[in-house]
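S.K.: Here you go, one structure.
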Amino acid sequence: MKLRVLLRDMSPLRAVVFVVMALAGCARDATRVDIPAEPPPGPGAAVGPPPTQVGSGAPAPPYPELWDRCAGGDNALFLVGEPGAYVVESAITVRAGAGWTQDVEAAQSGLPSYVTFHAGNNWSVSLSTDSLGKPLDVGAYENAQRAPFTDPNRPGLAVSGDGRGCNEVGGSFRIHAIRLGGRPNDGRVVHIRATFEQLCEGKPPAVRGCLQYSEPGAGGGS
C-alpha cells in the first residue's frame, strides 16, 4: 500500500526511475554470496606455499646418452662427432689398457686447476679452471676457450687426438665427480668423471664425449 501511494505522488519519469533502481537492488542482493572465512590452520598445518625441492647440487650429465658409454669402474673415453667435425667425425671408445696418464699443467692452492688426461696412445682431453682462480671442482663450465689460451675468468677445454686438434675452441664441460690430492697423490687428480662439448673455431659441427679417469690403485667411484 505504501509503495502505491509513493508511486502515485511521483511524476511518471521519477516513478520509472525508482522502479528500475529498486529492481536492480533486488537483483544485486539475490546474487550476493557470503563466503565464510577459512578457519585458522590447526597445529602442525603447513602455512604458505610448499617448500622448494632442492637437488643435490651436482649437475646432471648434459648428454646422458653419451655418459652411459663411460659408465663402469674402468678408465674410459668416448667421443662422437657430428658430420664434418674435424677432430673426430664418427664415434670412438677408449677403455682401460695402457697409455692412461695425466699431466698437471697448473695448480691453485696446491691443487690441480689445469690437467691433461691422456687416453691410450692417441687421445687427450684437457680441462682447466686456472683462469677462474680455483682448482678443478664439480660444476658446469660454460663459454670455454682453448686450454691453456684462455681469457681471464674463462674455463679451458681441449680435445685432440690422432694428430688433430683445434686452433680455437668454443664449448663447455661439466665435472660430475672429482677427488683431488690425497697421499700419495698430492697435487693430482685421483678420480674424475666429466662430459664435454667442443666446437672448433667456436662453430659447429661439435664433438661431444665423456671421460672417466682414476689414478692407478685409486679405483672408480663418484
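The values are calculated or read from the model by the stated rules, or taken from the named source; none is laboratory data. Keep in mind the model is a prediction, meaning the values are calculated, not measured. FYI the Cβ positions are ideal-geometry reconstructions off the backbone, even for glycines, and counts take in every protein chain you see. Just so you know, the surface numbers come from the protein's heavy atoms only, side chains and all, with ligands and any DNA or RNA stripped out. Shrake-Rupley method; radii C 1.70, N 1.55, O 1.52, S 1.80 Å.
S.K.: Quick one: which residue in Phe149, Phe173, Phe196 is aromatic (Phe, Trp, Tyr) and part of a loop (DSSP other than H, G, I, E, B)?
M.R.: It is Phe149.
S.K.: I've got another one for you. Mind counting the residues in segment 139-149 that are more than 26 Å from Ile92 (Cβ to Cβ) and open to solvent by less than 30 Å² (accessible area, probe 1.4 Å)?
M.R.: The number of residues fulfilling the criteria is 1.
S.K.: Then there is this: Take the residues in segment 104-133 that are over 24 Å from Gly72 (Cβ atoms) and either of a type in the set (S, T, N, Q) or out of contact with any Pro (no Cβ under 8 Å at 6 or more places or on another chain) (or both); name whichever of them is surrounded by the most Cβ atoms within 10 Å (Cβ to Cβ).
M.R.: Within segment 104-133, the match that is surrounded by the most Cβ atoms within 10 Å (Cβ to Cβ) is Ser128.
S.K.: So in segment 122-172, with the set limited to residues that are in contact (Cβ under 8 Å) with a residue 40 or more places away in the chain and in contact with a His (Cβ under 9 Å, 6 or more places away or on another chain), which one is nearest to Pro205 (Cα to Cα)?
M.R.: Out of the qualifying residues, it is Val125.
S.K.: Find the residue count for segment 55-90, including only residues that are within 27 Å of Pro204 (Cβ to Cβ) and at pLDDT 90 or above.
M.R.: Qualifying residue count, segment 55-90: 13.
S.K.: Could you tell me which of the residues Leu199, Leu157, Leu136 is surrounded by 22 or more Cβ atoms within 10 Å (Cβ to Cβ) and in contact with a Gly (Cβ under 7 Å, 6 or more places away or on another chain)?
M.R.: Leu157
S.K.: Suppose we filter segment 152-170 for residues that are over 16 Å from Leu199 (Cβ atoms) and part of a strand (DSSP E or B); how many remain?
M.R.: Counting residues in segment 152-170 that are over 16 Å from Leu199 (Cβ atoms) and part of a strand (DSSP E or B) gives 1.
S.K.: Continuing with this model, one more query. Determine whether segment 76-91 contains at least one residue that is without any contact (Cβ under 8 Å) to a residue 40 or more places away in the chain, among the polar types (S, T, N, Q) and at positive phi.
M.R.: Looking for residues that are without any contact (Cβ under 8 Å) to a residue 40 or more places away in the chain, among the polar types (S, T, N, Q) and at positive phi, one finds none in segment 76-91, hence no.
S.K.: Looking at segment 103-132, which of its residues are out of contact with any Leu (no Cβ under 9 Å at 6 or more places or on another chain), part of a loop (DSSP other than H, G, I, E, B) and not polar (S, T, N, Q)?
M.R.: If the condition is that a residue be out of contact with any Leu (no Cβ under 9 Å at 6 or more places or on another chain), part of a loop (DSSP other than H, G, I, E, B) and not polar (S, T, N, Q), then Gly110 is the only one that fits.
S.K.: For segment 62-102, which residues satisfy the criterion of being in a strand (DSSP E or B) and open to solvent by less than 70 Å² (accessible area, probe 1.4 Å)?
M.R.: Listed by number, the residues that qualify are Ala76, Leu77, Phe78, Leu79, Val80, Gly81, Ala91, Ile92, Val94, Thr101, Gln102.
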